[in-house]
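The values are calculated or read from the model by the stated rules, or taken from the named source; none is laboratory data. This structure is a prediction, so every number in the text was calculated from the model and none was measured. Quick reminder, even Gly has a Cβ in these numbers, built from the backbone with ideal geometry, and neighbours come from all protein chains shown. With ligands, DNA and RNA removed, areas are computed over all heavy atoms of the protein, side chains included. Shrake-Rupley method; radii C 1.70, N 1.55, O 1.52, S 1.80 Å.
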Amino acid sequence: MRSQLRFVMHPDDESEFATLMLADEHVHLIDGPRWKSASPRQFRSLDQVTGRYCIIWSMQDCPTLSARYIPACDDWYCNSEEFTIQFLRSYTVGAVITEGRIAVSTPATESEGTQRLERRFKQLARFIKKHSTNSIVQWCNPDLPFLPAVPGRSANPSKPDPQVWIGRHALNWLQEDKERRVKQFAQSSVEARLIDSFVLPA
């Protein structure tokens, strides 16, 4: 199974999501795929994860995670990612909130562990969709003219994006100030705005 869900989470959305994740006592969080030892530090609080890349791992799905040593950077890199859920977190920088995602890529050969992992991913995805709204942001490049779509050229802005789910707290945050934007990365030129925030030329 290969699947992902894109979202925008305000810290309050993320806190509610973490409550669901950690309701299962077997679930642990890991701060990124690169570690300073062969075994990663495990957390039961999202506050302890300082990076954007968080690994969601249950010992029921896979009893231990393995890693390979990378001499060039004196780090260990997780090579058991197919038994975990990738959680890229949203974050805010000034008037920008970034897009995040959860993703899973399990082996073709199923086991009890991978079946549990896939059920866990689907549960988390259902929760995000239940507490979010899609098709309410449009992507644009503000450095280019606003133009409708024609053959061979994309529209600027795009049509409302059904693939990005905006958490209810993130939506409130965006609505509080029309200058606030969504970006995939804080430094990106391309941005998404709420569909009612565009003022297009006549």
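When the stretch 70-85 is filtered for residues that are of a type outside the set (Asp, Glu) and either free of Cβ contacts under 8 Å to residues at least 40 places away in the same chain or not in a strand (DSSP E or B) (or both), the ones remaining, listed by number, are Ile70, Pro71, Ala72, Cys73, Asn79, Ser80, Phe83, Thr84, Ile85. Only a single item in (1) free of Cβ contacts under 8 Å to residues at least 60 places away in the same chain; (2) surrounded by 19 or more Cβ atoms within 10 Å (Cβ to Cβ); (3) assigned to a helix (DSSP H, G or I) is not met by Leu65, and it is number (3).
Annotation note: Cβ proximity below 6 Å between a residue of the stretch 173-202 that is at negative phi and a residue that is open to solvent by 60 Å² or more (accessible area, probe 1.4 Å) and at pLDDT below 95 (sequence gap 6+ or interchain) occurs for Ser189/Asp143; Ser197/Lys178. Among the residues in the stretch 88-105, are any touching a His at 6+ places or on another chain (Cβ under 9 Å), within 26 Å of Phe185 (Cβ to Cβ) and either small (Gly, Ala, Ser) or surrounded by fewer than 17 Cβ atoms within 10 Å (Cβ to Cβ) (or both)? Yes, there is a match, as at least one residue in the stretch 88-105 is touching a His at 6+ places or on another chain (Cβ under 9 Å), within 26 Å of Phe185 (Cβ to Cβ) and either small (Gly, Ala, Ser) or surrounded by fewer than 17 Cβ atoms within 10 Å (Cβ to Cβ) (or both). Whenever a residue of the stretch 122-148 is more than 19 Å from Val190 (Cα to Cα), it has no partner that is assigned to a strand (DSSP E or B) and open to solvent by 90 Å² or more (accessible area, probe 1.4 Å) lying with C-beta atoms less than 6 angstrom away and at least six residues away or across chains. Just the residues that are at pLDDT 95 or above, touching a strand residue (DSSP E or B) at 6+ places or on another chain (Cβ under 8 Å) and small (Gly, Ala, Ser), please, taken from the stretch 131-181. Across the stretch 131-181, the qualifying residues are Ser132, Gly167, Ala170.
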